[in-house]
Amino acid sequence: MSTDPVSRSARPSRPSRDEVRRALLDAAAQVFARRGIDAASLDDVAAAAGFTKGAVYSNFGSKDGLVAALVDDKVTAYLDTGLEAVSDAATPLVERAQTLGDQLTLAFDRQRDWTLLFLELWQRAVRSGRTDGAFLDRRRELHAAVTTAITDHFSQAGAPLPLPPAELATVLLALSNGLAIERHADPASVPDQLLGRVLTLVMGGGANDVRAAGPRRGS
């Protein structure tokens, strides 16, 4: 056996655990969306990622573990997209609302598989009547995070909330989910800037009220 260091360095390096996990999550999103969670096997997911089923078990333990990790991954990405879009506190609230809508619309187009998977997970949750589980737990965490972000941004802007923050968070999530579904079914019915324009109307009303009121007394 050759001990030539050049020969050793020429061998392809094994992917890290994080790289394997990422590849499996990406493959699971595609396979589950196209075949359905129940119809797809872990062998299907592993093959799509270029690994054996053992890699799935070693990283996620089971199909339920893989589904839970996929939900966590996608919800985290959704939240990161939203927070990044409105991260500049110096930008007027109405502009942040438009930017948020535009970025979420781009996410719709890039993550079509997640929209299909979301619908299946939603059906499972509704049909089972369960009030727990990875999907609902992460949805509640997302709702709480969006509620907090809304509260913080309106407070920074010194603008009155058009609705209680928790209700506004529900509206935001419902709008983004609903328009994603409509855009995938009929792209022409959901123009690129539609979500941003609606969010500007819903979330920007308070900011417009502040501007119309002019400077406060004593300022």
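Computed from the coordinates by the stated procedures, all read-outs in this text should not be read as laboratory data. Remember, it's a predicted structure, so these values are computed and weren't measured experimentally. Virtual Cβ from ideal backbone geometry, glycine too; neighbours counted across all protein chains shown.
Arrange the following residues from fewest to most other Cβ atoms within 10 Å of their Cβ: 78, 57.
Details: 78 22, 57 15.
Listing 78, 57 from fewest to most nearby Cβ atoms yields 57, 78.
For the pair residue 127 and residue 38, how long in nm is the line joining their label points, each one 7 Å along Cα→Cβ?
0.5 nm
Name the residue from 28, 172, 77 whose Cα lies farthest towards the positive end of the charge dipole of the chain, charges +1 on Cβ of Lys and Arg and -1 on Cβ of Asp and Glu.
The residue sitting farthest along the positive end of the dipole is 28.
As a footprinting exposure proxy, order 81, 200 by other Cβ within 10 Å, with the fewest listed first.
81, 200
Students often get this wrong, so try it: which of (1) 0.99; (2) 1.10; (3) 0.94 is Rg/Rh (Cα atoms, Kirkwood Rh) as calculated from the structure shown?
So the structure-derived entry is (2).
If you fit an axis through the alpha-carbon atoms of helix 134-157 and take the longest principal axis of the Cα set of the chain, what angle between them do you get, 0 to 90°, nearest 10?
Between helix and principal axis, roughly 40 degrees.
Can you tell me how much longer the chain between residue 173 and residue 77 gets when fully stretched, taken as 0.36 nm per residue apart minus their C-alpha distance, in nm with one decimal?
On the way: separation 96, 0.36 × 96 = 34.56 nm, distance 1.41 nm.
Net length gain for the segment: 33.2 nm.
Top mean-square fluctuation among 36, 129, 178, Gaussian network model of the chain, C-alpha springs under 10 Å?
Highest fluctuation among the options: 129.
Distance between the C-alpha centers of the stretch 9-64 and the stretch 121-200? Whole Å please.
Answer, in whole Å: 29.
Round to the nearest 10 and give me the degree value, 0 to 90, for the angle of helix 63-85's Cα axis relative to the longest principal axis of the chain.
Here the helix axis deviates by roughly 40 degrees.
Give me the angle, in degrees from 0 to 90, between the Cα long axis of helix 165-185 and the longest principal axis of the Cα atoms of the chain, rounded to the nearest 10.
60 degrees
Connecting C-alpha atoms closer than 10 Å in a GNM of the chain, tell me which of 17, 34, 140 has the biggest fluctuation.
17
Please compute the length gained on full extension between residue 184 and residue 103, using 0.36 nm multiplied by the number of residues separating them and subtracting their Cα-Cα distance.
Fully extending the segment from residue 184 to residue 103 adds 27.6 nm.
From the phi of every residue in the stretch 96-105, what ³J(HN,Hα) in whole Hz does the Karplus formula 6.51 cos²θ - 1.76 cosθ + 1.60 yield, where θ is phi - 60° and glycine or proline is x?
The phi angles translate into 4, 5, 5, 4, 4, x, 5, 5, 5, 5 Hz.
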